[in-house]
Amino acid sequence: VLVEPEIPNNTGNIGRTCVGNYYQLHLVGKLGFEISDKQLRRAGLDYWPNLIWHHHKDWATWWELVTDPSRVFFFSKKAEKTIYNAQFKSGDWLVFGKETKGLDEGLLAQHQERCLRIPIEGPIRSLNLASAVAAGVYEGLRQIWSPVS
């Protein structure tokens, strides 16, 4: 789930990651680009027609789809827990904010127990959105494919 993504290349790249794993992409709120944007399609290459994606006008519209709020994880560089503290399951929702601001502080405060960050050791503020989504997706897949007994 991408909330108000701003950069078409990131969204195209994330769409490609989704296609490669049979995931759906949910875009929430105002987008910083047009879905028909040439850069978006270029980043997704010829995979974009295979992507199952949905654009929800606002948070409330998307949230209506969530049947189990305990399976929604919010990614933020400000979270205390890392992705390695989560126990992912098939069907989980991974929520990421816009490139420039991340997710709304109020939203993070409401769901603090399910906020996760990706550990970063070097002198950077955060990962690129497409890289962060890939890290979250593949950590989830690692856990699902190799459950800990």
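The values are calculated or read from the model by the stated rules, or taken from the named source; none is laboratory data. If you're wondering where the values come from, they're calculated on a predicted model, not measured in any experiment. FYI the Cβ positions are ideal-geometry reconstructions off the backbone, even for glycines, and counts take in every protein chain you see. The protein model used for the area step is the full one, side chains on, heavy atoms only, and it has no ligands, DNA or RNA in it. Shrake-Rupley method; radii C 1.70, N 1.55, O 1.52, S 1.80 Å.
Brief remarks on what is shown
- Test result for Gly20, more than 16 Å from Glu139 (Cβ to Cβ) and not β-branched (Val, Ile, Thr): no
- Residues of the stretch 5-24 that are closer than 21 Å to Lys101 by Cα, over 11 Å from the mean Cα position of the chain (by Cα) and not polar (S, T, N, Q): Glu6, Ile7, Pro8, Gly12.
- Qualifying residues in the stretch 77-99 (those that are assigned to a loop (DSSP other than H, G, I, E, B) and closer than 14 Å to Ala135 by Cβ) - the one most open to solvent (accessible area, probe 1.4 Å): Lys77
- Test: residue in the stretch 100-111 that is at positive phi, under 17 Å from the mean Cα position of the chain (by Cα), surrounded by 14 or more Cβ atoms within 10 Å (Cβ to Cβ) and not basic (Lys, Arg): yes
- Close contacts from the stretch 108-127, counting a first residue that is under 22 Å from Lys89 (Cα atoms) and a second that is part of a loop (DSSP other than H, G, I, E, B) and basic (Lys, Arg), with Cβ to Cβ under 6 Å and a gap of 6+ residues or different chains, come to Arg117/Lys77.
- Flag: Val1 does not match the condition of being open to solvent by less than 30 Å² (accessible area, probe 1.4 Å), of a type in the set (A, V, I, L, M, F, W, C) and free of Cβ contacts under 8 Å to residues at least 60 places away in the same chain.
- Evaluation of His26 against (1) touching a Pro at 6+ places or on another chain (Cβ under 6 Å); (2) part of a strand (DSSP E or B) (one fails), failing number: (1)
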